[in-house]
Amino acid sequence: MDIKNPVESRVTFTLHRAEYLVAFAVTIALILLHFTEIRWGYAIALFLYIDLIGYIPGAIAFRRSKTGRIPKAYYILYNTMHSLITVGAVAALWMWLVGSEWALLALAFHVFGDRGVFGNFYKPFGLPFEPVATPQVDEVTAFLKRRAATDGPVPLPLPEDHDSTVVGAHG
């Protein structure tokens, strides 16, 4: 994945998740090391607010929708609440108003767990709110897999590689 090709193969997606699993493991280690110092009521509240605002409303709307299409506001809520920028801002505000404390690890635990354990990253408007196999994404993934299976150097994209049925293809 790069600035010109914002898609991931199965391998790069797995590597991306693995980075978050490492961060998740470090967070768990810190939680265990400081278990008795954590104010658990606050930790639980910090863990839950992310989904109470950012996930549950969209999940309910998605399940109630007959078509699976829901307003973009739910995607924006999810992406905002699950952003490391947002949780960093919440942590900074908390430290300024309340002080630094180990309960803030709940923020990292939530986001790193979502990404590393469940593979949930930001939700793009063009995909269903909940994970659903999408034929167009499957086509792009298959295309990348075919190109990666060649012997020798990684091939450059050729005009014949582009297919108008593939999402994002030029043609």
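The values are calculated or read from the model by the stated rules, or taken from the named source; none is laboratory data. Everything quoted here is computed from the prediction, not taken from an experiment. Here the Cβ is made from the backbone with ideal geometry for all residues, glycine too, and neighbour counts use every protein chain on show.
Any residue at all in region 108-119 that's aliphatic (A, V, I, L, M), in contact with a Ser or Thr (Cβ under 6 Å, 6 or more places away or on another chain) and closer than 23 Å to residue 33 by Cα?
So far as region 108-119 goes, yes, one or more of its residues are aliphatic (A, V, I, L, M), in contact with a Ser or Thr (Cβ under 6 Å, 6 or more places away or on another chain) and closer than 23 Å to residue 33 by Cα.
Conditions (1) closer than 30 Å to residue 45 by Cα; (2) in the same structural domain as residue 15 (by TED's automatic domain parsing); (3) exposed (fewer than 11 other Cβ atoms within 10 Å of the Cβ); (4) among the β-branched types (Val, Ile, Thr), marked per residue:
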site: 88; (1), (2), (3), (4): yes, yes, no, no
site: 93; (1), (2), (3), (4): yes, yes, yes, no
site: 97; (1), (2), (3), (4): yes, yes, yes, no
site: 106; (1), (2), (3), (4): yes, yes, no, no
site: 150; (1), (2), (3), (4): no, no, yes, yes
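Please work out if residue 111 is β-branched (Val, Ile, Thr), closer than 22 Å to residue 21 by Cβ and modelled with pLDDT of 95 or more.
Considered against the rule, which asks whether it is β-branched (Val, Ile, Thr), closer than 22 Å to residue 21 by Cβ and modelled with pLDDT of 95 or more, residue 111 comes out as yes.
List the residue pairs whose Cβ atoms are under 6 Å apart, where the first residue sits in region 9-33 and is exposed (fewer than 15 other Cβ atoms within 10 Å of the Cβ), the second is among the charged types (D, E, K, R) and not in a helix (DSSP H, G or I), and the two are 6 or more positions apart or on different chains.
none
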